[in-house]
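Taking it in order: structure first as structure tokens, then the write-up.
Each value in this text was obtained by applying a stated rule to the coordinates, not by laboratory testing. All figures in this text were calculated on a predicted structure; none of them were measured in a lab. Reconstructed Cβ throughout: ideal geometry from the backbone, glycine too, with neighbour counts over all protein chains shown.
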Amino acid sequence: ALFDRWCASAGSSRYLPTDNERAVVLGAGVAKRLLVSVGDEITVQVVRAVNNEEAGGEEGSLSQRRLEVSGVVQTGNPEIDDRVAYLHIGTLMNMLGTDNPNELVVMLDDIGRIEATRRAARAVVTDDSTNVHTWAERNPALKNLIDVDSQSGAMMFVVLIGLGTISARNIDVV
């Protein structure tokens, strides 16, 4: 929902399609710097995190994949838009040469389910060294942006009601 809106604001209608393992969604600033848009292909390089002969590389070696830009997100926050790229976890794990992610992001359709989802994730994670954080804790800049957006929308609504009331009173006076 929110990411779909950000994709739409950047002129992209798809977030990260599940039927395309080569899909990547870029922040608007990243896409602009790379001079790419939806449908273009880019080569993504990462440094392998571990030795993995099956995946064909040693720790510290470069791994690269050709990916297709399936979306561009524009959050309105340059800290995010200039640095972010989303891709499928399987694709990234293969590139890194690891079977275990070091971070997992769960996207919810309903922001009101964050705390329940956090509790459920914490119940599943048995390793005490593994942390479970909400997006607001991990990215306070994004939380502030959303809060400001919500507040400015409410403020605009109040201003419009106020102007409507003043106009109605002026009509009565005339």
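Structural remarks
- Approximate spin-label separation T43-D110, in nm, with each point projected 7 Å along Cα-to-Cβ: 4.6 nm
- Additional length obtainable on full extension of the chain from V125 to S61, 0.36 nm per residue less Cα span: 20.0 nm
- Neighbours of I114, meaning other residues whose beta-carbon lies under 14 angstrom from its beta-carbon, give a summed charge of +2 when Lys and Arg score +1 and Asp and Glu score -1.
- Using the Cβ of G29 as centre and a radius below 14 Å, the other residues enclosed give a net charge of 0, where K and R count +1 and D and E count -1.
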